[in-house]
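The values are calculated or read from the model by the stated rules, or taken from the named source; none is laboratory data. Predicted model only: the values in this text are computed from it and were never measured. All Cβ positions, even for glycine, are placed from backbone atoms using ideal geometry, and neighbour counts span all protein chains on display. Remember, those area values only see protein heavy atoms, side chains included, never the ligands or the DNA or RNA. Shrake-Rupley method; radii C 1.70, N 1.55, O 1.52, S 1.80 Å.
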Amino acid sequence: MHIDVITLFPEMIEQALGHGIPRIARHSGALSLATRNPRDHADNAHRTVDDRPFGGGPGMVMQAPPVIAAVEAARAAQPDTLVVAMSPQGERLDQHWLQRLAERPALTLLCGRYEGLDERIVRAVDLELSLGDFVLSGGELAAMAVIDGVARLLPGVLGHQSSAREDSFVEDLLDCPHYTRPATWRGESVPEVLLSGDHARIARWRLQQALGATWLKRPDLLEGVELNAESRALLSEFIAQCQNKTVRNEEA
Ligand code: SAH
């Protein structure tokens, strides 16, 4: 997959993606990354790419000509790229979006700054994506989130192929708890089942814990899921165990 990032701060993108999984993805060839600076397309000596808003008001607006020139250069280099503007007004980024994006051959991520983009730029992109209902000062952090989340889904990037499949949100469930050595620490032992070597039991326990964590922390996720009979039974058992614990705590 090829990703172009259109940004006034290319160093931010380079810096953040030179570590960990994105770095591995780039070194393995699964991901190639390039940045394009709208300033390189500015037609003035100062390389400015922003101007005051028509109609008045605070802040500056990113101008259409240099930004669209950068978008067109990205489209010319990768004709099948999907051009995505990072924006608080966009579709909310989630794991389903990352999975869809990871299947594309190429992405162009457009980062706004200042008060945002001239509306004529917004009309020229394929999609707007948001990190959530809050306002950042620029699109770079949002673009990095997309790149990081996509990089770990690209074939061959994660050492253990199944680890991405068991993560939170992949099956609309949160991930199960994880433990590593030491087996007992400050008086707390890891669940006995994880030391049993019984893989079927471990798999059942993990599924039950994932269902339980989702029920406790993000019940909204369960509303959209059709659970099969085994999952329903595991979740009922988890809920009963929680209720028993509450009763015991209240009696104590
Ligand atoms: N005035 C705009 C916000 C501009 S913030 C508005 O209220 O809609 C400047 C830039 O930061 C935006 O162009 C966008 O690229 C980025 N940005 C801010 N919040 C974001 C969010 N929640 N998700 C993705 N990008 C965001």
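For the reader, a short list of remarks on this structure follows.
- Filtered residues of the stretch 112-121 (kept if more than 10 Å from the ligand (Cβ to nearest atom) and acidic (Asp, Glu)): Asp118, Glu119
- The one condition in (1) in contact with a Lys or Arg (Cβ under 8 Å, 6 or more places away or on another chain); (2) over 30 Å from Ser32 (Cβ atoms); (3) modelled with pLDDT under 95; (4) not β-branched (Val, Ile, Thr) that Leu174 fails to fulfil: (3)
- Total residues in the stretch 21-78 satisfying the condition of being under 30 Å from Gly156 (Cβ atoms) and in a loop (DSSP other than H, G, I, E, B): the figure is 4.
- Being crowded, with 21+ Cβ neighbours inside 10 Å and hydrophobic (A, V, I, L, M, F, W, C) is a property that Val122 lacks.
- Residues located in the stretch 132-148, provided they are open to solvent by 10 Å² or more (accessible area, probe 1.4 Å) and either closer than 21 Å to Ala74 by Cβ or more than 8 Å from the ligand (Cβ to nearest atom) (or both): Gly138, Leu141, Met144, Ala145, Asp148
- Which numbered condition Val150 fails, given (1) out of contact with any strand residue (DSSP E or B) (no Cβ under 6 Å at 6 or more places or on another chain); (2) within 25 Å of Arg52 (Cα to Cα); (3) in contact (Cβ under 8 Å) with a residue 60 or more places away in the chain; (4) not aromatic (Phe, Trp, Tyr): (2)
- Residue tally, condition farther than 23 Å from Tyr114 by Cβ and in contact (Cβ under 8 Å) with a residue 40 or more places away in the chain, over the stretch 1-19: 4
- One residue from Leu129, Leu109 being in a strand (DSSP E or B), within 16 Å of the ligand (Cβ to nearest atom) and under 26 Å from Glu223 (Cα atoms): Leu129
- Scanning the stretch 202-229 for residues that are under 25 Å from Val190 (Cβ atoms) and open to solvent by 90 Å² or more (accessible area, probe 1.4 Å) returns Arg204, Arg206, Leu216, Lys217.
- Selected residue [within 16 Å of the ligand (Cβ to nearest atom), of a type outside the set (A, V, I, L, M, F, W, C) and on the phi < 0 side of the Ramachandran plot] from Arg52, Arg104: Arg52
- From the options Ala74, Ala85, Ala64, residue that is more than 22 Å from Gly20 (Cα to Cα) and more than 15 Å from the ligand (Cβ to nearest atom): Ala74
- Within the stretch 162-200, the set of residues being closer than 19 Å to Leu101 by Cβ and open to solvent by 100 Å² or more (accessible area, probe 1.4 Å) comprises Arg165, Glu171.
- Selection status of Ala64, surrounded by 15 or more Cβ atoms within 10 Å (Cβ to Cβ) and more than 19 Å from Val83 (Cβ to Cβ): no
- Flag if Pro155 is assigned to a loop (DSSP other than H, G, I, E, B), open to solvent by 40 Å² or more (accessible area, probe 1.4 Å) and closer than 30 Å to Ser32 by Cβ: yes
- Scanning the stretch 40-52 for residues that are touching a residue at least 12 places away in the same chain (Cβ under 8 Å) and either aliphatic (A, V, I, L, M) or surrounded by 15 or more Cβ atoms within 10 Å (Cβ to Cβ) (or both) gives His41, Ala42, Val49, Asp50.
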